[in-house]
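In what follows, a single structure is set out as structure tokens and then discussed.
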Amino acid sequence: MAGQTLTTARPGGGAAGLLRPVAEQLLGGELPVRLRAWDGSEAGPEGGPTLVLRSRQALRRLLWHPGELGLAQAYVTGELDVDGDLTEGLRSLWRAIRERGLSGARLSPAGWAAAARASVALRIPGPRPPAPQSQAQITGRLHSRSRDRAVISHHYDVPAEFYQLILDPAMAYSCARWLSDDPAYTLADAQRDKLDGICRKLGLGPGSRLLDVGCGWGSLSVHAARSFSADVTGVTLAREQARFVQDRLTAEGVSGVTVRNQDYRDIGAGQYDAVASIEMGEHVGDREYPAFCAQLRDLLRSGGRLLIQQMSRGSVAPGGGRFIEAYIAPDMHMRPVGETVGLLEAAGLEVLSVDAMREDYTRTIRAWLATLEARSAEVSALLGEEGARVWRLYMAGSALAFDEGRMGVHQILAVRPS
């Protein structure tokens, strides 16, 4: 597709008519979605998803940030939208790109000149648009304590009422375990069964000493203490989570749980019967993960068990992507499950089992997204319209990534040998 010359606009006119040939030449094939521009004009195939450009500012963002980040900025600000179900709209778009081999084209000098003329005609060129307020502004050395605290604060130090709106009553913000297709079997049931399964794998019982690293909103810590009579220490770097868990323990009359607001590197020594890390290791970092595994080993007594639940991703794209990095979890690093197993074994732990839960996460996120959509007015009141759009895009894209197998999730059970 290299060296193509931009074709003239097709009948239909308006902004959409000018944009269509530009988009098709840059994509290297037929436009996979219908375009509706700010002037009401439309172009492209009918019967599929419609990409709605509410402002030329959306295109200006793409000039400055081509690809995922520019699209995300335009979506969260409301300058760009998708008609209908967002997840299915994204699915249709990516399917068309894959099936048609729209891998991108390089324009000839004449093509670039034609694209420039169309851009000027639509009054797109202009200064770099300011980043949306919801975009993270993280500074400092990668995975320093101060930077990690800022990253965690960006994602978790929002009103706890928001998480209470979308999560189950146990406040489990991780993949559930769906053991039934009965319509009466709810997200709350699936999260309870996930927590039960973790406690059983760890062999918890009365008086068992459990360390919950990255305890979140307290779902596992509370469940282990209440249902298995374990003695639990929960650790979280998020101030809002620590405050919420402490208030929850008091309100629900739960004993046997101590919550600490601290960095995992500052936990210190311990001889725990069990250690759990539920979808927290993604924040640790690539270079830091071997030391993290060694620390977890040292925190276990001889014969103690470790359970890690992790989001898994191929080594080619171990991060969350430009949108995730900018809006949800900066500095995130995911690794293939086999790599994690190797790191645990290198740290002197014996891996007992690995359970795949990818399909469970698709169902979990869809349940969260359905609640988010149903309670959109309340979410917008808590986070603002821009924040609500960030979370809608995050959940829709995540559900699609797990559904299509671009991401997975696994529970890894290991033991410190005698």
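The values are calculated or read from the model by the stated rules, or taken from the named source; none is laboratory data. None of these values were measured; they are calculated from a predicted model. Cβ: placed from backbone, ideal geometry, glycine included. Neighbour counts: every protein chain shown.
Just one of the numbered conditions (1) under 22 Å from Ala291 (Cβ atoms); (2) out of contact with any helix residue (DSSP H, G or I) (no Cβ under 8 Å at 6 or more places or on another chain) is not true of Ala242: (1).
For the subset of the range 164-190 comprising residues that are part of a helix (DSSP H, G or I) and in contact (Cβ under 8 Å) with a residue 40 or more places away in the chain, which member is surrounded by the fewest Cβ atoms within 10 Å (Cβ to Cβ)? Steps first, answer last, please.
We begin by selecting, within the range 164-190, every residue part of a helix (DSSP H, G or I); these are 164-166, 187-190.
The next check asks that each one be in contact (Cβ under 8 Å) with a residue 40 or more places away in the chain; those that pass are 165-166, 187, 190.
On the way: Leu165: 18, Ile166: 20, Leu187: 22, Ala190: 22.
Top of the filtered list is Leu165.
Are any of the residues in the range 229-239 over 16 Å from Ile308 (Cβ atoms), more than 28 Å from the chain's Cα centre (by Cα), touching a residue at least 12 places away in the same chain (Cβ under 8 Å) and surrounded by fewer than 22 Cβ atoms within 10 Å (Cβ to Cβ)? Checked against the condition, which is being over 16 Å from Ile308 (Cβ atoms), more than 28 Å from the chain's Cα centre (by Cα), touching a residue at least 12 places away in the same chain (Cβ under 8 Å) and surrounded by fewer than 22 Cβ atoms within 10 Å (Cβ to Cβ), the range 229-239 yields at least one hit. What do you reckon, is Met311 under 23 Å from Glu68 (Cα atoms) and modelled with pLDDT of 95 or more? Judged against the criteria, Met311 is a match.
Residues of the range 396-417 that are without any contact (Cβ under 8 Å) to a residue 60 or more places away in the chain and crowded, with 21+ Cβ neighbours inside 10 Å: Ser398, Ala401, Phe402. For the range 301-328, taking the residues that are hydroxyl-bearing (Ser, Thr, Tyr) and surrounded by fewer than 18 Cβ atoms within 10 Å (Cβ to Cβ), the one that is nearest to Val415 (Cα to Cα) is identified as Ser302.
Of everything listed in (1) more than 19 Å from Ala225 (Cβ to Cβ); (2) at pLDDT 95 or above; (3) of a type outside the set (A, V, I, L, M); (4) surrounded by fewer than 17 Cβ atoms within 10 Å (Cβ to Cβ), the single unmet condition for Pro206 is (1). Residue pairs whose Cβ atoms lie under 6 Å apart, sitting 6 or more positions apart in sequence or on different chains, and linking a residue in the range 115-139 that is modelled with pLDDT under 90 and surrounded by 11 or more Cβ atoms within 10 Å (Cβ to Cβ) to a partner that is assigned to a loop (DSSP other than H, G, I, E, B) and aliphatic (A, V, I, L, M), are Ala115/Leu6.
Restricting Ala225, Ala291, Ala251, Ala230 to those that are in the same structural domain as Leu349 (by TED's automatic domain parsing), small (Gly, Ala, Ser) and closer than 25 Å to Val337 by Cβ reduces the list to Ala291.
For every residue, the table says whether it meets (1) touching a residue at least 60 places away in the same chain (Cβ under 8 Å); (2) within 21 Å of the chain's Cα centre (by Cα); (3) outside any helix (DSSP H, G or I); (4) not assigned by TED's automatic domain parsing to the domain that holds Ala188.
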position	(1), (2), (3), (4)
Phe323	yes, yes, no, no
Glu339	no, yes, no, no
Gly342	no, no, no, no
Val351	yes, no, yes, no
Tyr361	yes, yes, no, no
Glu373	no, yes, no, no
Glu378	yes, no, no, no
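No other residue among Asp360, Asp331, Asp298 is surrounded by fewer than 19 Cβ atoms within 10 Å (Cβ to Cβ) and not small (Gly, Ala, Ser) apart from Asp298. The set of residues in the range 1-32 being buried (at least 19 other Cβ atoms within 10 Å of the Cβ) and at pLDDT 80 or above consists of Ala15, Ala16, Gly17, Leu18, Leu19, Arg20, Pro21.
If the condition is being within 18 Å of Val82 (Cβ to Cβ) and of a type in the set (A, V, I, L, M, F, W, C), then the range 365-378 contributes Ile365, Leu369, Ala370, Leu372. Assessment of the range 291-305 against the conditions (acidic (Asp, Glu), assigned to a helix (DSSP H, G or I) and either under 29 Å from Trp178 (Cα atoms) or modelled with pLDDT under 95 (or both)) yields no matching residue.
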